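**Q** Sharing a structure with you now.
The values are calculated or read from the model by the stated rules, or taken from the named source; none is laboratory data. Predicted, not measured: the structure shown is a model, and the values here were computed from it. Because the Cβ atoms are built from the backbone with ideal geometry, glycine has one as well, and the counts that use them run over all protein chains shown. Accessible surface areas use protein heavy atoms only, side chains included; no ligands, DNA or RNA. Shrake-Rupley method; radii C 1.70, N 1.55, O 1.52, S 1.80 Å.
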Amino acid sequence: MTVDRIILGIDPGTTIMGFGVIRVVNKKMEFIQLNELLLSKYEDRYTRLRLIFERTMELIETHHPDEIAIEAPFFGNNNPKVLLTLGRAQGVAMAAALSRDIPVTEYEPKKIKMAITGNGNASKEQVAKMLQQILPGFKDLPKNLDSTDGLAAAVCHFFNSGRTVVGKSYSGWDAFVKQNADRVKK
């Protein structure tokens, strides 16, 4: 068995962080794992961010992903506080990956849904059901579908491999800073 690569997908959130891992063997996907990190029991937002970072690092140490696909915050939400909170969760997950020089690619939720179901407005349930059809070995749906959102990010990244990437891709801190010069404080 020749493993081409391992892709970790993350749906960052400060209440639930969902994640999924796939292995690509001979250009075919294999389901490895999906799960979630429940954060709602922690009142302190900084504790939640630390736990997101630590869990992402654990996943990196366990699965040794070659690439990480992460769901971008949903910009249809007009609440700046929610966007800031989600951006922080995404940022600490990205920081964990970038600290290990693992390339990160962001995908908008609609792009992920489109890649999985062909419909950018598909429901979480539709995405989860389609993942069951796409991935051999993935049978039981979890209670919370945030984990399938993380898995969907990984599958979306696989589908976009070899094409022009529809999300933003960073190969390390230097690439992130270069592509986000407007976000750097001097």
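**Q** Which FRET efficiency, nearest 0.05, do S161 and E43 yield, Cβ-Cβ r, R0 30 Å?
**A** Calculated transfer efficiency: 0.15.
**Q** May I pose another question? Please calculate how many Å² of accessible area the stretch 1-139 carries per residue, with a 1.4 Å probe and no DNA, RNA or ligand atoms counted.
**A** Counting only protein heavy atoms, the per-residue value for the stretch 1-139 is 51 Å².
**Q** Tally up the carbon and sulfur contribution to the accessible surface of the stretch 1-145 as a whole percent, 1.4 Å probe, everything protein left in place.
**A** C and S fraction of accessible area: 51 percent.
**Q** Here is a further query. With a 10 Å radius around each residue's Cβ, average the other Cβ atoms per peptide and rank 5-15, 149-159, 116-126, 27-37, highest first.
**A** Per-residue Cβ counts within 10 Å, averaged per peptide and sorted highest first, yield 149-159, 5-15, 27-37, 116-126.
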